[in-house]
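Chemist: Below: one structure in structure tokens.
The values are calculated or read from the model by the stated rules, or taken from the named source; none is laboratory data. The structure presented is a predicted model; accordingly, all values stated were derived computationally and were not measured. Note that each Cβ is placed from the backbone with ideal geometry, even for glycine, and that neighbours are counted across all protein chains shown.
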Amino acid sequence: MDRRQAVKNVAFLMGATLSATTIASILEGCGEKITSTDQLFNKVELDLITEIADVILPDTKKSPGAKKAGVGPFIPMMIADCYPKEIVGIFKDGLKDITDRSKKNFSKDFTELTSEQKISIIEEVRQKTIADMATEREEKKALEEAEKAKSANVPSVPGSSVGVKDKPKSKSYFFAIMRDLTILGFFTSEIGVTQAYEYLPIPGRYDGCVDLKPDQKLWS
């Protein structure tokens with residue numbers, strides 16, 4: 001099994017965690033490799049990706065964060081290997097937006113900000129993404145209702161496809177891609193599996209339903 005197929009399989013296994021648009025983008029883009037990571041991103045962008053990932057999944061008392069888990073290099077590798085070109089453009093535009101917000105709000109690059117300042121920038125982008133996605137859902141709902149109303153007023157003709165249209169494709173958002181790949185990279189890393197989860201190097205019998213104790217980690 002090659003790496004792209006393995007990524008597809010993991011994306012399906014984590015389907016409840018990853019957004020539908022991210023899974024669709026991975027499946028659509030896991031074909032011919034676009035370019036190498038170094039050709040696609042410069043050092044400033046690579047450092048920025050690492051810092052953003054660490055804001056999304058920081059160190060905790062129970063386990064190290066995204067940076068220590070090596071998520072930084074994982075994300076650009078995934079973008080270069082497994083995403084279509086239009087998503088690459090959206091992702092790079094998102095990185096630029098983070099930089100622009102950092103300079104506008106604090107007159108510094110994102111990597112030079114304090115932890116609190118970094119969180120405030122990411123929270124801005126997160127809230128905007130939530131609002132944009134809510135607007136997109138409302139627009140889709142209104143379009144579907146308009147199509148239904150139109151179809152109801154058109155006489156049915158055998159073999160006709162009047163009133164039947166393909167659903168508009170969901171938009172992709174930088175923050176959603178960044179969040180999903182941070183989660184995917186972390187929970188498929190050695191640190192994520194062995195420290196964020198309850199890990200048994202030599203497991204016993206398989207039990208598909210085990211009650212967790214208070215504050216116990218999920219089993220890996």
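Chemist: Considering every residue within region 33-49, establish whether at least one is at pLDDT 60 or above, buried (at least 19 other Cβ atoms within 10 Å of the Cβ) and among the β-branched types (V, I, T).
Modeler: Among the residues of region 33-49, at least one is at pLDDT 60 or above, buried (at least 19 other Cβ atoms within 10 Å of the Cβ) and among the β-branched types (V, I, T), which makes the answer yes.
Chemist: Considering each of K61, K118, K92, K68 in turn, give the residue that is in a loop (DSSP other than H, G, I, E, B) and in contact (Cβ under 8 Å) with a residue 24 or more places away in the chain.
Modeler: Residue meeting the stated conditions: K68.
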